[in-house]
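Visitor: Sharing a structure here in structure tokens format.
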Amino acid sequence: MKKLALLISAALVSTSAAATGYYTDNKSDVKIKKNSDGNKVSVYQQSPGKYKGNDSKVLITYGSDGNDVDVSQYGHKNKSGVYIFANSDHNYVTVDQKGYRNKSKVNIGYYADYNKVDVYQKGNYNYSMVDIKAGDWNKAKVKQKGNWNYSDINIIGENADYNKVSVNQYGDYSKSVVNINDYYGGGTSYNKVHVTQSSNDYSNVYIAGGSSYNHVYVSQY
């Protein structure tokens with residue numbers, strides 16, 4: 001019943017947003033609090049005409065496992081924020097944005113393991129940030145198509161191991177920054193980073209000192 005109610009409320013928010021989007025900016029705010037497991041959040045937003053885009057925020061707090069978050073936005077100047085904190089494992093986040101000046105932020109907090117994040121952006125001036133702190137066995141995939149896109153992925157904290165990061169950017173003036181770092185004295189090991197970029201792009205991959213057995217692949221065309 002809890003899952004069903006959550007899906008219905010998300011659908012109502014997105015439906016009313018689409019209906020009134022001609023006059024105002026739409027917003028969606030979903031919160032799943034402490035020790036909440038197995039929830040599914042689906043948010044769809046559409047911004048017609050020349051007006052500003054939609055705003056979506058999803059918060060999953062302490063000790064919440066096995067949650068599925070799907071955010072889809074279409075239009076100009078859309079924003080999406082997904083936040084999963086403290087000992088939250090096996091969560092799956094997908095963000096799909098199409099249009100100009102979109103922005104996506106995914107933050108998975110301390111000791112969050114086995115999480116998967118997929119971000120897809122198509123259009124100009126898009127920005128994506130994936131931040132995983134003190135987590136192991138996480139996967140992050142970012143795909144951007146268009147000009148002037150930017151991707152920032154940080155996997156940081158004590159013994160951040162066995163993480164996989166994939167960044168694909170197609171278009172001019174894109175930028176990718178990947179940071180795998182341990183700020184508490186131990187090495188970050190067995191991480192894999194794949195970056196693929198087209199012409200005139202920039203890539204920066206940093207893996208902290210004391211880290212071993214990491215693999216980094218960068219392809220630029």
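The values are calculated or read from the model by the stated rules, or taken from the named source; none is laboratory data. Bear in mind the structure is a predicted one, so any value in this text is a computation, not a measurement. Counting neighbours? That spans all protein chains shown, and the Cβs are built from the backbone with ideal geometry, glycine included. Just the protein is used for accessible areas: all its heavy atoms, side chains included, with ligands, DNA and RNA removed. Shrake-Rupley method; radii C 1.70, N 1.55, O 1.52, S 1.80 Å.
Visitor: So, in the stretch 77-107, of the ones that are among the aromatic types (F, W, Y) and part of a loop (DSSP other than H, G, I, E, B), which residue ends up farthest from the chain's Cα centre (by Cα)? Steps first, please.
Guide: At the first step, the residues of the stretch 77-107 found to be among the aromatic types (F, W, Y) are 83, 85, 92, 100.
Add one more test, that the residue is part of a loop (DSSP other than H, G, I, E, B), and what stays is 85, 100.
On the way: F85: 14, Y100: 17 Å.
Filtering the stretch 77-107 for residues that are among the aromatic types (F, W, Y) and part of a loop (DSSP other than H, G, I, E, B), the one farthest from the chain's Cα centre (by Cα) comes out as Y100.
Visitor: Further question: Please go through the stretch 82-129 and pick out each residue that is touching a strand residue (DSSP E or B) at 6+ places or on another chain (Cβ under 6 Å), open to solvent by 20 Å² or more (accessible area, probe 1.4 Å) and closer than 21 Å to K33 by Cα.
Guide: Matches in the stretch 82-129: Y83, Y92, T94, K105, N107, Y110, K116.
Visitor: Inspect all residues belonging to the stretch 116-127 and state whether any of them is under 14 Å from the mean Cα position of the chain (by Cα), in a loop (DSSP other than H, G, I, E, B) and at pLDDT 90 or above.
Guide: There is no residue in the stretch 116-127 that is under 14 Å from the mean Cα position of the chain (by Cα), in a loop (DSSP other than H, G, I, E, B) and at pLDDT 90 or above.
Visitor: Tell me the residue from K192, K141, K164 that is at pLDDT 90 or above, more than 17 Å from the chain's Cα centre (by Cα) and within 16 Å of D113 (Cα to Cα), please. Spell out how you get there, then give the answer.
Guide: Working: K141 fails: more than 17 Å from the chain's Cα centre (by Cα); K164 fails: more than 17 Å from the chain's Cα centre (by Cα).
Answer to the selection: K192.
Visitor: If you don't mind, there's one more thing I want to ask. Return the residue satisfying two criteria in turn: it lies in the stretch 32-46 and is more than 14 Å from V71 (Cα to Cα) and touching a Gly at 6+ places or on another chain (Cβ under 7 Å), and of such residues it is most open to solvent (accessible area, probe 1.4 Å).
Guide: Checked the stretch 32-46; the qualifying residue most open to solvent (accessible area, probe 1.4 Å) is K34.
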